[in-house]
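The values are calculated or read from the model by the stated rules, or taken from the named source; none is laboratory data. Predicted model, so just to flag it, every value in this text is computed and none were measured. All Cβ positions, glycine included, derive from the backbone under ideal geometry; neighbour counts span all protein chains shown.
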Amino acid sequence: MISMKARLAKVFDNVSVNQILIINTGMEDSNFLYLTGFKDGLFEGSVLLVKRNSMALFVSPLEYGIAKRERPKEMKLVLLDKAGKMSGMLKKELHGKRVGVNGAFLPYNLHQELSSLIKARFVDISKQMLQARLVKDESELKTMRKAVSITKKALSMGRSSLKVGMTERQVAAVIDSTMKDSGAEPAFASIVSFDSNTALPHYGAGGARLRKNSIVLFDIGAKVDNYCADMTRTFMFKPDPKSAKFKRFSEIHSVVSEAQKLALEKIKEGARASAAHIAAANYIDRYGGGIYRGKFIHALGHSIGIDVHDGGAGLYPGCKQKLKRNMVFSDEPGIYIEGFGGVRLEDDVIVGKSHSKFI
């Protein structure tokens with residue numbers, strides 16, 4: 001079970017405000033999902049008013065039934081059945097208070113409207129909210145393990161579906177369908193790329209057709225009850241072991257695999273977040289006298305949770321965050337050769353006390 005009181009305490013221990021105001025626009029603020037635990041409903045335009053030990057949710061009749069069914073016991077529901085009801089209640093509740101808002105999500109014009117309507121001091125607590133979400137509780141970890149399990153299933157189904165002539169889009173459709181049939185949704189647009197397209201880290205899934213001896217990259221993630229997974233596999237389809245392409249690919253894959261293992265050894269409680277990236281990058285840059293120097297072109301990893309890139313910290317040079325137990329990061333080194341292809345291997349890691357492991 002989700003402990004809402006524990007989450008509220010973790011958030012308020014991080015900020016110096018009387019209350020927190022979360023306003024959804026046409027989409028839900030991730031912090032809204034974190035604090036409510038809601039798994040259904042759109043909650044467009046809904047407002048969540050958060051105190052240290054309680055929450056009040058302002059909803060329209062469209063969302064009231066779902067909110068009533070899903071709400072935690074710490075939540076009070078306020079039905080917005082009359083125009084102006086919410087603004088009047090917020091004016092009274094927030095007058096003269098220090099109110100935390102998610103400045104990274106709240107549109108500027110809405111912030112201006114709030115400031116003119118309510119005599120309160122609004123404080124951006126977006127960074128503190130991300131920090132509070134970095135360490136996962138057991139409920140979150142259980143859900144993320146399920147998301148990873150479904151992602152692994154989708155990776156397997158995608159690979160077994162491959163046939164000569166298939167397009168990247170067709171394979172992505174198989175992967176997405178597998179996630180949905182397993183009770184999940186894609187956490188992001190699935191990346192399926194062939195051959196030279198694999199050298200483009202944020203490529204999507206296009207019309208390139210699969211051939212024998214092709215490099216294939218899957219970068220996918222399932223989302224289960226709001227929580228995401230993010231995994232990447234790179235391999236060759238019907239390889240020709242005698243070809244120069246296969247031999248070059250095999251060497252690159254081996255280098256990336258070793259870099260991922262070296263990085264994992266640095267991901268542990270108390271370590272600097274930057275240490276894992278440095279270990280992987282140094283190995284790649286120095287391998288073979290520097291033949292792959294500069295070909296690892298992105299951060300080793302990012303925090304994962306309600307958002308795929310959950311923010312707050314990452315495994316990259318310059319990040320001074322000390323790792324804590326039950327943080328979750330991706331470990332995804334890669335080497336990218338323009339015109340040839342790329343190799344990226346990615347797994348999700350739960351930070352442990354003396355060592356960490358892939359989920």
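Working only within region 1-27, note down all residues that are hydrophobic (A, V, I, L, M, F, W, C) and assigned to a loop (DSSP other than H, G, I, E, B).
1, 2, 15, 17, 27
Those residues that are touching an Asp or Glu at 6+ places or on another chain (Cβ under 6 Å) and either without any contact (Cβ under 8 Å) to a residue 40 or more places away in the chain or crowded, with 20+ Cβ neighbours inside 10 Å (or both), I need them from region 258-308; list them, please.
Listed by number, the residues that qualify are 260, 263, 293, 301, 303, 304.
Looking at region 76-110, which of its residues are outside any loop (DSSP other than H, G, I, E, B), without any contact (Cβ under 8 Å) to a residue 40 or more places away in the chain and closer than 18 Å to residue 43 by Cα?
Once the filter is applied, which keeps residues that are outside any loop (DSSP other than H, G, I, E, B), without any contact (Cβ under 8 Å) to a residue 40 or more places away in the chain and closer than 18 Å to residue 43 by Cα, region 76-110 yields 76, 77, 78, 79, 85, 86, 87.
Among the residues of region 149-161, count how many are touching a residue at least 40 places away in the same chain (Cβ under 8 Å) and under 14 Å from residue 183 (Cβ atoms).
Qualifying residue count for the region: 3.
Do you know which residues across region 325-343 are surrounded by fewer than 23 Cβ atoms within 10 Å (Cβ to Cβ) and either among the aromatic types (Phe, Trp, Tyr) or over 17 Å from the mean Cα position of the chain (by Cα) (or both)?
Within region 325-343, 325, 336, 337, 338, 339, 340 meet the criteria.
Given (1) under 19 Å from residue 134 (Cα atoms); (2) touching a residue at least 40 places away in the same chain (Cβ under 8 Å); (3) not basic (Lys, Arg), where does residue 220 come up short, assuming only one miss?
For residue 220, the failing item is (1).
Here is a list: 218, 235, 249. Which entry is buried (at least 20 other Cβ atoms within 10 Å of the Cβ) and touching a helix residue (DSSP H, G or I) at 6+ places or on another chain (Cβ under 8 Å)?
From the options 218, 235, 249, the qualifying one is 218.
Among the numbered conditions (1) in contact (Cβ under 8 Å) with a residue 40 or more places away in the chain; (2) farther than 20 Å from residue 225 by Cβ, tell me where residue 118 comes up short.
(1)
Given the criteria crowded, with 19+ Cβ neighbours inside 10 Å and under 30 Å from residue 19 (Cα atoms), does residue 125 qualify?
For residue 125, the condition - crowded, with 19+ Cβ neighbours inside 10 Å and under 30 Å from residue 19 (Cα atoms) - is met.
Evaluate the following for residue 113: is it of a type in the set (Asp, Glu), more than 16 Å from residue 35 (Cα to Cα) and either without any contact (Cβ under 8 Å) to a residue 24 or more places away in the chain or assigned by TED's automatic domain parsing to the domain that holds residue 328 (or both)?
yes
If I filter region 57-65 for residues that are over 20 Å from residue 140 (Cα atoms), outside any strand (DSSP E or B), β-branched (Val, Ile, Thr) and assigned by TED's automatic domain parsing to the domain that holds residue 101, do I get at least one hit?
Within region 57-65 (the criterion being over 20 Å from residue 140 (Cα atoms), outside any strand (DSSP E or B), β-branched (Val, Ile, Thr) and assigned by TED's automatic domain parsing to the domain that holds residue 101), the answer is no, since none of the residues qualifies.
Against the condition part of a helix (DSSP H, G or I) and either acidic (Asp, Glu) or at pLDDT 95 or above (or both), how does residue 211 come out, does it pass?
Taking the combined requirement at face value, the residue does not satisfy it.
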